[in-house]
Amino acid sequence: MLRRILRKAARLRRDRRASAIVEFAVILPVLLAIWAGMTEIAHAIDEWRKLTLLARTVADLTAQGDAQNPIDTTLMNDIVTSAAKVMRPFDTTNVQIVVSAMGVDLKKANLFPQVCSSVANANAKPRALGTATDLVVPAGYQTSGMRYVLAEVSISYTPMIGSALVKLVKGVGNQITFSTAVPWPTRGGSTYGSNTYTEVILPDTTQKACDAPTL
């Protein structure tokens, strides 16, 4: 009897028929976590790419100016609302867009740009006119009197399937804010005073905020 039990125990030790199932059950959660993480990363990168494309599109369209200066309000609204098409298939309900016409004054020995005019969509606020101490004139634009357009956009990204994983990261909530800022050389508009650079003026403002004699 004892010998029979020992033989069965020996056969059981050599039996590997269920080992694959056990191993798969152990690594399945790890595989699912990796899959969820890779899916989220790909989704987030795609939305970030779309957001960057949106900023470039808004900056480029604004920099072309209008047949009149300041830009017509309807045209500016069309440019801002282009977000819905550029960001497809992502939701743009909460996207924030701020477009500013910027001027450079290096005579005051600083690289802080001047906000000549600014507009924003319903989710954001335009920049205050005057010196923008939170910005630095981008490389390539650091010329006295230079005019350029700055498009600043941001959006809250909500993880598609990996929100639980995101919450595990210390200091990170269930939403991540993506933001980008794109400067664009002015190609339209008009020149003012003795300045040789054309300035695009955004709706409801005048060129006096960045008048050539003061820059």
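The values are calculated or read from the model by the stated rules, or taken from the named source; none is laboratory data. Every value quoted in this text rests on a predicted model; they were computed, and no experiment measured them. Here Cβ is always computed from backbone atoms with ideal geometry, including for glycine, and neighbour counts include all displayed protein chains.
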When segment 71-91 is checked residue by residue, the ones that are in a loop (DSSP other than H, G, I, E, B) and crowded, with 20+ Cβ neighbours inside 10 Å are 71
How many residues of segment 88-119 are modelled with pLDDT of 90 or more, in contact with a Lys or Arg (Cβ under 8 Å, 6 or more places away or on another chain) and closer than 30 Å to residue 158 by Cα? The answer is 3
_Is it the case, given these coordinates, that residue 80 is β-branched (Val, Ile, Thr) and touching a strand residue (DSSP E or B) at 6+ places or on another chain (Cβ under 9 Å)?_
yes
Within segment 21-70, of all residues that are within 16 Å of residue 186 (Cβ to Cβ) and touching a Gly at 6+ places or on another chain (Cβ under 6 Å), the one surrounded by the fewest Cβ atoms within 10 Å (Cβ to Cβ) is 64
Filtering segment 24-36 down to residues that are under 13 Å from residue 159 (Cβ atoms) and either free of Cβ contacts under 8 Å to residues at least 60 places away in the same chain or under 21 Å from the mean Cα position of the chain (by Cα) (or both) yields none
